[in-house]
2 protein chains.
Amino acid sequence: MSERIRHPLFRDRITSAAEAAAAIRPGMTVAMSGFTGAGYPKAVPQALAARVEQANAAGERFRIKVLTGASTAPELDGALAKVEGMELRLPYQSDPAVRERINAGTLDYIDIHLSHVAQHAWFGFFGKLDVAVVEVAGIREDGSLVPSSSVGNNKTWLEQADKVILEVNSWQPAALDGMHDVYYGTALPPHRKPILLEHPDDRIGEPSLRVDPDKVVAVVETHAPDRNSAFSPPDEASRRIAGHLLDFLSHEIDRGRLTRGLLPLQSGVGNIANAVLGGLAEGGYQGLTAYTEVIQDGMLELLKNGTLRMASATSFSLSPAGIEEFNANVDFYRSRILLRPQEISNHPEVIRRLGCIAMNGMIEADIYGNVNSTHIAGSRIMNGIGGSGDFARNGYLSVFMSPSTARGGQVSGIVPMVSHVDHTEHDTMVLVTEQGLADLRGLAPRQRAKRVIETCAHPDFRPMLQDYFDRACRDGHGMHTPHLLGEALSWHQRMVETGSMRPAATG
Amino acid sequence: MSERIRHPLFRDRITSAAEAAAAIRPGMTVAMSGFTGAGYPKAVPQALAARVEQANAAGERFRIKVLTGASTAPELDGALAKVEGMELRLPYQSDPAVRERINAGTLDYIDIHLSHVAQHAWFGFFGKLDVAVVEVAGIREDGSLVPSSSVGNNKTWLEQADKVILEVNSWQPAALDGMHDVYYGTALPPHRKPILLEHPDDRIGEPSLRVDPDKVVAVVETHAPDRNSAFSPPDEASRRIAGHLLDFLSHEIDRGRLTRGLLPLQSGVGNIANAVLGGLAEGGYQGLTAYTEVIQDGMLELLKNGTLRMASATSFSLSPAGIEEFNANVDFYRSRILLRPQEISNHPEVIRRLGCIAMNGMIEADIYGNVNSTHIAGSRIMNGIGGSGDFARNGYLSVFMSPSTARGGQVSGIVPMVSHVDHTEHDTMVLVTEQGLADLRGLAPRQRAKRVIETCAHPDFRPMLQDYFDRACRDGHGMHTPHLLGEALSWHQRMVETGSMRPAATG
């Protein structure tokens, strides 16, 4: 029996994943842990998928509603999607099997701001939560829980669900203990109080999660790694985007709008984000802070070389190599990393107070600065909005980044009108592609269009965009945001029909 | 000399509007007071317009950049627009002459969240502020200023501008003194602190505005009323919309998600808002609070009959009859109304903490719940986003309301795809038309479409919407948010071409 379970009552509840999964019945709403492939339950969802498969074989319908922190992994989202075991999923996901089903219309998906999830559950907007399935790193003598590699919505799930299933994963580093800051000061309006967090490294909560032992129906022991999230070195386009952004930050420092200490960094995940972080190290920045969602391998390096003084997040999403590095220098990292509930990591109140520099990827932007983070051609979901809206709306700067083309140059990342809006013109300050950076602050729509076309668009698409804009300025119904409604979405339509946004003659 | 000016230094600066306006030169950025036709300068902008006209006659170019709190009145926006005296205007406006020039492409307009304006000025995003022109109700012995009928961004303008022109308007009730709560705790990141406002009636600031006397270049005496904002009794559609919303609130109370005390109300201005407020009184609600932007005549009535216990806002926009009522019962109202800077009335931190019930009008919504608050047919600006985004994103509930048709039934308020997005699907909880109310919480996009078409669309357009949705669900590029890109905006295109969204055969 695992040393990780130190309370007798919880020991008595140890059972198999299959037995635990039996607590979940068709139609239930099940809230699970997990954020960016970290800290999700590894055994119970797969056992549940096996039960669903049996039901399917017997001609019975077995589908549940699944709430998480954000994206999980093949063992959860993938397993349940493949047996058609979910009728509803929220919030952010990035699983190929889930995405396929959402776009096929067989799985309903609610894409909501990550800062809204916990409070909407508390408000009762999702109905009753029947079961919570939460991975933890251990159970203390006093019955409190050592959180796993992500905190996500776990505090809310444990409090709101009727029944709780715990997975105790001994693969998670024991050293996680003490890195968490679980805020227990939330309340429902009209009883809410200010969140007294003034610096990214302020502790305002507790290192453990609380759970009512009477609700815990099963404890399942696991020893399984988080989803591998090793990352590849940044490509040329990512390095160029990072270069433009770093030039811009220098420019802002020269203008006196930022200091060399910058402001707390929020950074999405992936190639471009890594290139930006790498660039900050090369640029000689020291003692910065991050107030963000996810800590990936690259941030460990920045912490090690002093570029970052500390990092606050809700998820610790490391590759096996990252875990090795972490374990080899446990004390160093533990004093420099804080993991919080996602309602705090993404809280508008805190993000605006700290003045985060919000840097997020996008699928496309239009010439007026509206940003699409989620949809292909207006209809197909990619992943979801995640926390980008929480940070973009409330940060000191909101930056959206993307290569200027996709699909081998056939698709433009800058379009006349985005096919879906996740961030409006009111919320976008800076757009960056490998072509250049458009600073849209203090610009009216037509001024924005000029700058976006000139600096961000790929040269292959620039003349087409300029032509659209010129004709819209001549023939549009109004000159505030000139558009030609008959062709505003024609680039996407052409992409759907031909695979390319280029016109037939030149494609 | 007015008794309102009680400090000798300011008395020495008393001058005519024409002389004061001479401090404003071409190309300057001028920050003016004013919010919803209240508390704007009445004399200097008109004197400035006369100078612009003279310059125009002499063949000289005289244009300035104008920043305000929100909408002003003919004496400011109208006067300057008519002589082509503005090159840039921000934020919210509702003036016909301004609108005409924006849509003609001769006046650049930046439409930003009202909560963002002050901080963007502090961040330096609008460049240097050359002159502030601020109406006040008086100047105290100690040189502090008694704010006028709106606070808006005045604290920021007085602090940020190089020079200050004050208009002391003796028409403003002397009884305004003491009703204001000007928060002086703001700072730039990383020095920001929590805003310790926990209830709508909490005072966290000072009753006066501060100004550096050395910056005050002119004091102009005026005696002129605010823009008349008497309102007409609600029409049938507004009463029906209010009825649906009140039924919904009752339903939420029955479900235990709200109490009879509701939560602080934010309400836009106009017919529908007035019908909703009237309905709350008829529904027997007592002791409610408002945390909103504007206090209009209707709210006085609610305060008087006890429906509202108190109201917090940034603007006190009364008709002459409203002023009369206020003056006749000064002590009663002064203890129940608070006026704050708009960065506090609209602050995301405070709105989320209080859990406001956000109720705003819209131009149109699409079947998936995206909302257009600002544009006609994607290109023409109407007014602006105002504070609707501040409240919708951060409130406990976000409600958008509109009649289901406009232009005598030729235009549908529910469309396949909005022509401009101000509030995304992620930010819209409830849509209401006179046809019914669609509660979109906890629904995925196709579920939303079904409900919006069934409950909100006008019967004349419902079959067309259902047909679009059915075909999109069959032929769309993906089933998450099914769209037919080739015709998603065709209703607007038809409206631009024929004046009607109805197809030619049935139009």
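For segment B:57-140, applying the loop criterion from DSSP together with a ceiling of 13 other beta carbons within 10 Å to the GluC sites (Glu not before Pro) yields B:Glu60.
Using the Cα gyration tensor of segment A:236-306, with a ≥ b ≥ c the square roots of its eigenvalues, what is the shape: rounded (a/c below 1.5), prolate (a/b larger than b/c) or oblate (neither)? Can you show the working numbers first?
On the way: a/c = 1.69, a/b = 1.22, b/c = 1.39.
Cα axes put segment A:236-306 in the oblate bin.
Distances between copies of B:Asn327, taken at a point 7 Å out from Cα along the Cα→Cβ vector and listed shortest first: 8.1 nm.
May I ask you to derive the FRET efficiency for B:Gln466 and A:Arg474 from their Cβ-Cβ distance with R0 = 41 Å, giving the value to the nearest 0.05? Result of the calculation: an efficiency of 0.65. Based on the reciprocal of the average 1/r between different C-alpha atoms, the Kirkwood radius for segment A:208-270 equals 16.9 Å.
Note down the magnitude of the dipole of chain A about its Cα centre, charges +1 on Lys and Arg C-beta and -1 on Asp and Glu C-beta and zero elsewhere, to the nearest 20 debye. Each step should come with its number before you reach the end.
Values: 49 positive and 59 negative charges, 141 e Å.
Dipole magnitude for chain A comes out near 680 debye.
Taking every alpha-carbon pair within segment A:332-439, the share separated by more than 23 Å comes to 32 percent. Residues B:Thr259, B:Thr374, A:Thr36, arranged from fewest to most other Cβ atoms within 10 angstrom of their Cβ, appear as B:Thr259, B:Thr374, A:Thr36.
Net charge near B:Lys155: determine it from the other residues with C-beta under 13 Å of the C-beta of B:Lys155, scoring Lys and Arg +1 and Asp and Glu -1.
Working: positive: B:Arg210, B:Arg340; negative: B:Glu159, B:Asp181, B:Glu206, B:Asp212, B:Glu343.
Neighbourhood net charge equals -3.
Placing a label point 7 Å from the Cα of A:Arg407 along the Cα-to-Cβ direction, the distances to the matching points in the other copies come to 3.4 nm, shortest first.
I need the shape label for segment B:110-177. Rule: rounded when a/c is under 1.5, else prolate if a/b > b/c, else oblate, with a, b, c from the alpha carbon gyration tensor. Prolate, because a/c is 1.5 or more and a/b exceeds b/c. With a simple spin-label model that places each label point 7 Å from the Cα along the Cα-to-Cβ direction, the separation between B:Asp162 and A:Leu188 comes to 5.5 nm. The order of B:Lys42, B:Lys215, going from fewest to most other C-beta atoms within 10 Å of their C-beta, is B:Lys215, B:Lys42. For segment B:460-507 versus segment A:49-82, the spacing of their alpha-carbon centroids is 36 Å.
Rg and Dmax, both from the Cα atoms of segment A:24-147 and both in Å, are 14.3, 48. Of the beta bridges DSSP finds with both residues in the protein assembly as shown, what % are antiparallel, to the nearest 5? The antiparallel fraction comes to roughly 25 percent.
Return the inverse of the average 1/r over all pairs of distinct C-alpha atoms in segment B:208-335, which is the Kirkwood hydrodynamic radius, in Å to one decimal. List each step's numbers first, then the result.
On the way: mean 1/r = 0.0609 Å⁻¹.
Radius from the Kirkwood sum: 16.4 Å.
Under 17 Å from a label point set 7 Å out along the Cα-to-Cβ vector of B:His223, the amide N atoms of segment B:1-33 belong to B:1-6, B:15-17. Ellipsoid fit via the Cα gyration tensor, segment B:245-399: semi-axes of 25, 20, 15 Å, each the root of five times an eigenvalue, largest first. Restricting the trypsin sites (Lys or Arg not before Pro) of segment B:217-289 to loop positions (DSSP other than H, G, I, E, B) with no more than 12 neighbouring Cβ atoms within 10 Å leaves B:Arg255. The translational diffusion coefficient of chain B, from Stokes-Einstein at 25 °C and 0.890 mPa s with a Kirkwood hydrodynamic radius over alpha carbon pairs, comes to 104 µm²/s. With N as its number of residues, segment A:400-467 has a Cα radius of gyration that, divided by 2.2 N^0.38 Å, comes to 1.03. Label point of A:Ala224 (7 Å along Cα→beta-carbon): distances to the other copies' equivalent points are 7.3 nm, sorted ascending.
Solvent-free Debye calculation, one equal scatterer per alpha-carbon of segment A:17-89: log10 I(q)/I(0) at 0.18 Å⁻¹ equals -0.60. In whole Å, how far is the Cα centre of segment B:132-185 from that of segment B:372-448? Using only Cα atoms to place each centre, the spacing works out to 35 Å.
DSSP beta bridges fully contained in segment A:8-135 are about 10 percent antiparallel. Over the protein assembly as shown, the Kirkwood radius and the radius of gyration, each from Cα atoms, give a ratio Rg/Rh of 0.97. Residues B:Leu280, B:Leu397, ranked from the fewest to the most other C-beta atoms within 10 Å, line up as B:Leu280, B:Leu397. Between the residues B:Ala472, B:Leu485, B:Val432, the greatest Cα displacement towards the positive end of the dipole of segment B:361-507, with unit charges on the Cβ of Lys, Arg, Asp and Glu, is found for B:Ala472. For the pair B:Glu60 and B:Arg257, a Förster radius of 60 Å applied to the C-beta separation gives a FRET efficiency near 0.45, rounded to the nearest 0.05. Lys and Arg at +1, Asp and Glu at -1: add these up for the other residues within a Cβ distance under 12 Å of A:Asp142 and post the number. That sum, taken over residues with Cβ under 12 Å, equals +1.
As a test, work out the antiparallel percent of DSSP beta bridges whose residues both lie in segment B:332-482, rounded to the nearest 5. Present the calculation step by step, with values, prior to reporting the outcome.
On the way: 11 of 21 bridges.
Beta bridges within segment B:332-482, antiparallel portion: roughly 50 percent.
On the beta carbon distance between B:Ala50 and B:Arg11, with R0 = 35 Å, the FRET formula returns roughly 0.85. Volume of the convex hull of segment A:144-238 (Cα atoms only), normalised per residue: 177 Å³. With one equal scatterer per alpha carbon and no solvent term, the Debye-computed log10 I(q)/I(0) for segment A:294-355 at 0.29 1/Å reads -1.26.
Every number here is computed from the coordinates shown, using simple stated rules; none is lab data. Predicted model only: the values in this text are computed from it and were never measured. Don't worry about glycine lacking a Cβ; one is built from the backbone with ideal geometry, like all the others, and counts go over all protein chains shown.
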